[in-house]
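Enquirer: This is the structure I want to talk about, given as structure tokens.
The values are calculated or read from the model by the stated rules, or taken from the named source; none is laboratory data. Just so you know, these numbers come straight off a predicted model, no measurement behind them. The protein model used for the area step is the full one, side chains on, heavy atoms only, and it has no ligands, DNA or RNA in it. Shrake-Rupley method; radii C 1.70, N 1.55, O 1.52, S 1.80 Å.
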Amino acid sequence: MADVSVTKEQDGRVLAVRVGDSVSVRLLENPTTGYAWTLESIDATLLEAGRPTYHGEGAGLGSGGVKTWTLRARAPGRIRIGLKRWRHWEGDKSVVERFAITLDIKAG
């Protein structure tokens, strides 16, 4: 089983993974702005999504950091994973950035 690391540079790409592999999506975020990355819907039969984690990179107030989602491929198939950076209380009109990759999941 492999751990595939994904950052903003892979936006729009198709990645080949195998059942059992984990995919760590790491995106820059600064929660003090009110904007946060949110995982849009995924097919739970193909992917298992854990809770995101956040690690601040600076010691000062207002410093940004990295939000990480760990996804595990559960079954063969092809799935698009989309995320949006927004203020959830303002709805979709507040989306300032989107990120997406497609996973081509092969049998282990």
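Enquirer: Of the residues that sit in region 53-82 and are part of a loop (DSSP other than H, G, I, E, B) and at pLDDT 95 or above, which one is least open to solvent (accessible area, probe 1.4 Å)?
Expert: 75
Enquirer: Now for a separate question. Look through region 85-108, keep the residues that are part of a strand (DSSP E or B) and open to solvent by 90 Å² or more (accessible area, probe 1.4 Å), and return whichever of them is farthest from residue 4 (Cα to Cα).
Expert: 98
Enquirer: Out of region 11-23, which residues are under 19 Å from residue 97 (Cα atoms) and small (Gly, Ala, Ser)?
Expert: Across region 11-23, the qualifying residue is only 12.
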